[in-house]
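Trainee: Before anything else, here's the structure in question.
Just so it is clear, none of the values below were taken in a lab; they were calculated from the coordinates. Keep in mind it's a predicted model, so treat the numbers as computed, not measured. Don't worry about glycine lacking a Cβ; one is built from the backbone with ideal geometry, like all the others, and counts go over all protein chains shown.
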Amino acid sequence: MGCTGSLAGPRSPASSYLVQTRDKAGRLWTASLDMGSGAFGALQAVMPPEALDFVGISHLHPDHCADLTGLAVYAKYRPGGAMASLPVYGPQDTPHHLAELQYSHDPDSEGGDFNYGVWSQGVGIPVGPMTITPYRVLHPVEAWGFRLDGPSDSVPGRQVTMGYSGDTDTCDGLTEVAAGTDLLLIEAAFEQDRDVARGVHLTGERAGQVARAGRAKRVVVTHVPPWNRAALTLSAVASKYSGPIYLAKRWASYVI
């Protein structure tokens with residue numbers, strides 16, 4: 001739904017990705033990974049928000065969580081009555097952070113009528129037939145990457161794995177996220193020749209190194225800020241990783 005790095009851009013909202021799969025009875029399960037600036041509008045364009053089964057927040061920077069506020073308003077005030085309580089997992093301070101965004105005059109107000117959970121290292125959360133397992137990654141705030149395991153939509157009976165880096169530099173948690181993935185959604189927010197800070201984001205080269213070391217089968221590069229040169233970023237990833245590489249775009253979809 002959104003893939004621009006650090007803020008909503010002219011062609012895309014900020015980070016938010018829908019992951020869907022069906023169980024053996026044919027029921028469609030939908031999880032949103034992050035809900036960044038502008039993403040809730042995009043969500044409404046493709047599905048009724050009440051059809052969401054789960055929201056997982058990687059960290060509490062606005063480009064990954066700000067539109068939880070819109071989801072909270074919709075969940076409470078939509079015509080026809082409030083939504084059933086939606087599981088929302090995130091860092092420890094997620095409810096308080098959302099309350100401050102919505103009710104700055106009263107930060108002790110509850111942060112929306114959600115069923116909040118807190119990530120725990122390596123402890124998987126079931127969402128229908130898929131499992132979302134968090135790993136702590138390296139960013140200036142508490143941040144998580146995810147492995148998602150579930151049934152393949154392309155090969156019946158096969159289990160597949162997707163990795164999502166969240167925002168991170170290279171670290172052990174990212175190594176866990178990337179290992180053996182069928183599809184790796186990985187950020188590359190920094191350009192090598194001008195962004196030199198460590199402990200914040202990946203460059204294209206570092207993203208490619210992670211994908212190669214993890215033997216990822218396909219890579220989708222995301223979180224590229226609108227002022228960055230996307231072609232340069234993709235070239236940097238390709239200098240270290242020889243598999244298929246795609247640039248994340250709004251409304252793009254991938255089947256594994």
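Trainee: When region 48-94 is examined, which residues are found to be surrounded by fewer than 18 Cβ atoms within 10 Å (Cβ to Cβ), more than 19 Å from TYR17 (Cβ to Cβ) and not charged (D, E, K, R)?
Mentor: Within region 48-94, VAL73, TYR77, PRO79, GLY80, GLY81, ALA82, ALA84, SER85, GLN92 qualify.
Trainee: Moving to a separate point now. Given (1) out of contact with any Leu (no Cβ under 7 Å at 6 or more places or on another chain); (2) in contact (Cβ under 8 Å) with a residue 40 or more places away in the chain; (3) more than 30 Å from PRO156 (Cβ to Cβ); (4) not aliphatic (A, V, I, L, M), identify the lone condition not met by PRO91.
Mentor: Among (1) out of contact with any Leu (no Cβ under 7 Å at 6 or more places or on another chain); (2) in contact (Cβ under 8 Å) with a residue 40 or more places away in the chain; (3) more than 30 Å from PRO156 (Cβ to Cβ); (4) not aliphatic (A, V, I, L, M), the lone unmet condition for PRO91 is (1).
Trainee: Also: Could you grab me the full set of residues in region 15-67 that are in contact with a Gly (Cβ under 8 Å, 6 or more places away or on another chain), over 19 Å from VAL141 (Cα atoms), part of a helix (DSSP H, G or I) and not aliphatic (A, V, I, L, M)?
Mentor: Scanning region 15-67 gives PHE40, GLY41.
Trainee: Restricting attention to region 219-245, which residues are touching a strand residue (DSSP E or B) at 6+ places or on another chain (Cβ under 9 Å), more than 20 Å from CYS171 (Cα to Cα), without any contact (Cβ under 8 Å) to a residue 60 or more places away in the chain and in a loop (DSSP other than H, G, I, E, B)?
Mentor: GLY243, PRO244
Trainee: Out of GLY166, GLY145, GLY173, which single residue is buried (at least 24 other Cβ atoms within 10 Å of the Cβ), outside any loop (DSSP other than H, G, I, E, B) and either out of contact with any strand residue (DSSP E or B) (no Cβ under 8 Å at 6 or more places or on another chain) or not basic (Lys, Arg) (or both)?
Mentor: Details: GLY166 fails: outside any loop (DSSP other than H, G, I, E, B); GLY173 fails: buried (at least 24 other Cβ atoms within 10 Å of the Cβ).
Unique residue meeting the criteria: GLY145.
Trainee: Could I ask something else about it? In region 190-248, what residues are surrounded by 15 or more Cβ atoms within 10 Å (Cβ to Cβ) and on the phi > 0 side of the Ramachandran plot?
Mentor: Hit for region 190-248 is HIS223, nothing else.
Trainee: Follow-up. Considering (1) in contact with a helix residue (DSSP H, G or I) (Cβ under 9 Å, 6 or more places away or on another chain); (2) in a loop (DSSP other than H, G, I, E, B); (3) within 26 Å of GLN44 (Cα to Cα); (4) not small (Gly, Ala, Ser), say which one TYR74 fails and leave the rest.
Mentor: So the condition that TYR74 fails would be (2).
Trainee: Among the residues of region 1-37, write down those that are hydroxyl-bearing (Ser, Thr, Tyr) and either within 21 Å of ASP53 (Cβ to Cβ) or surrounded by fewer than 21 Cβ atoms within 10 Å (Cβ to Cβ) (or both). Reasoning before the result, please.
Mentor: So the first thing to find is which residues in region 1-37 are hydroxyl-bearing (Ser, Thr, Tyr), and the list is 4, 6, 12, 15-17, 21, 30, 32, 37.
Within region 1-37, SER15, SER16, TYR17, THR21, THR30, SER32 qualify.
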